[in-house]
Amino acid sequence: MTDDVVAIDLGGTKSVLALVAPDNTIKAQVRLETGREARPEAVLADFEEVIQGFKGRSQGIRAIGLCAPGPLDHEHGVIVNPTNLPHFFNTPLREMLEKRFALPTVIEHDAKAAALGEFHFGAGKAEQSLIYIVIGTGVGAAIIIHGQLYRGLKNFAGEFGHTTLDRFGEVCNCGSRGCFETYMSGPWIAKRYAMLNQEEISGAEVVKRAEQGETKALEVLSLAGEALGIAVASMAMNFDIECFVVGGGVSIAGELLLAPARKIIPSYSFKSVSSRIKLVSSALREEAALLGCAFLARQTF
Ligand code: ADP
């Protein structure tokens with residue numbers, strides 16, 4: 001009997017399942033297409049096939065940790081209302097998984113799982129506290145204070161992507177105005193580039209062109225980086241946390257995004273706070289959420 005666990009990152013376009021050993025070695029990993037139209041029963045049937053395969057490669061699986069986009073009720077194990085998985089509306093996924101696989105299961109918000117992964121095993125493993133920022137299609141964060149996830153009363157803590165940078169700014173998907181998300185998400189980067197250059201390309205392509213030195217693409221990433229810097233300065237002033245780890249698709253831009261952010265931070269915070277800020281890229285990338293899920297699964301035994 002070993003203490004392997006299954007980690008699952010359920011997403012709106014794909015899901016990744018991993019068999020994780022006690023030392024965090026990923027013994028097997030499988031990627032499945034999920035898609036907007038995915039229904040819970042069909043997704044669970046696909047998971048079952050993969051987990052059966054994992055059983056053949058393990059001496060014993062003890063638990064499952066799954067993360068998914070929010071909003072999500074961690075306490076009751078319910079996926080509440082994920083924009084990109086509409087058929088998962090109010091789905092009691094923990095109960096469904098526990099019944100199907102007869103294993104203790106934990107359900108966590110994806111940014112929070114990735115934050116736990118980075119905190120325990122990645123860019124934050126020497127830290128007491130950190131804020132993990134995810135910049136992809138949307139922008140979110142997760143806050144770990146003295147080793148504990150800070151959830152807020154209803155698990156909403158960390159929605160800094162929907163706090164306001166400019167009250168006269170454009171209307172955000174959430175209905176509010178001038179949210180941080182509208183200044184740095186992948187779709188925003190693509191939109192801003194189209195405004196400057198009259199060419200519609202993806203956020204990923206903007207990053208590629210910036211890496212090749214294209215001025216307009218560099219300018220857009222620099223603007224996104226500055227918005228990130230203001231966000232980090234504000235969060236540092238509120239929480240007095242020093243370590244900020246940036247993940248998500250857009251973070252592939254690395255220093256093209258982080259250098260402008262670091263440069264602007266001192267202008268928006270006390271020197272005594274800004275001088276201690278460490279702003280770094282995710283060390284674990286896609287594995288951050290999986291290792292966070294594995295960590296949570298291991299808390300059940
Ligand atoms: P999601 O947020 O949908 O879970 P991602 O974190 O991959 O997924 O973020 C997707 C966004 O990040 C897209 O808007 C895309 O333009 C951008 N993106 C994806 N891959 C890259 C990349 N390699 N470089 C830069 N941006 C990327």
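Here are some notes:
- Scanning the range 268-275 finds no residues that are of a type outside the set (S, T, N, Q), open to solvent by less than 60 Å² (accessible area, probe 1.4 Å), within 15 Å of the ligand (Cβ to nearest atom) and without any contact (Cβ under 8 Å) to a residue 60 or more places away in the chain.
- Residue match in the range 100-112 (condition: touching a strand residue (DSSP E or B) at 6+ places or on another chain (Cβ under 8 Å) and without any contact (Cβ under 8 Å) to a residue 24 or more places away in the chain): no
- The range 75-117 - residue that is of a type outside the set (K, R), part of a helix (DSSP H, G or I) and over 27 Å from K55 (Cα atoms) and, of those, nearest to the ligand (Cβ to nearest atom): A111
- For the range 249-261, a residue qualifies if it is of a type in the set (G, A, S), open to solvent by 10 Å² or more (accessible area, probe 1.4 Å), within 13 Å of the ligand (Cβ to nearest atom) and at pLDDT 95 or above, and exactly one does: G254.
- Qualifying position, being within 16 Å of the ligand (Cβ to nearest atom) and either small (G, A, S) or without any contact (Cβ under 8 Å) to a residue 12 or more places away in the chain (or both), among G161, G147: G161
- The residues on offer are A63, A18, A45, and the sole one that is at pLDDT 95 or above and either surrounded by fewer than 18 Cβ atoms within 10 Å (Cβ to Cβ) or acidic (D, E) (or both) is A45.
- In the set (1) exposed (fewer than 14 other Cβ atoms within 10 Å of the Cβ); (2) of a type in the set (S, T, N, Q); (3) within 23 Å of V134 (Cα to Cα), the condition left unmet by N24 is number (1).
- Counting only helices (runs of 4 or more DSSP H) that fall entirely inside the range 129-244 and contain at least 2 residues that are under 25 Å from S274 (Cα atoms) and open to solvent by less than 10 Å² (accessible area, probe 1.4 Å), the qualifying elements are 215-239.
The values are calculated or read from the model by the stated rules, or taken from the named source; none is laboratory data. Since the structure is predicted, the reported quantities are computational estimates derived from the model, not experimental observations. No Cβ is skipped: glycine too gets one built from the backbone with ideal geometry, and neighbour counts run over all protein chains shown. Areas reflect the complete protein model, heavy atoms only, side chains present, ligands, DNA and RNA absent. Shrake-Rupley method; radii C 1.70, N 1.55, O 1.52, S 1.80 Å.
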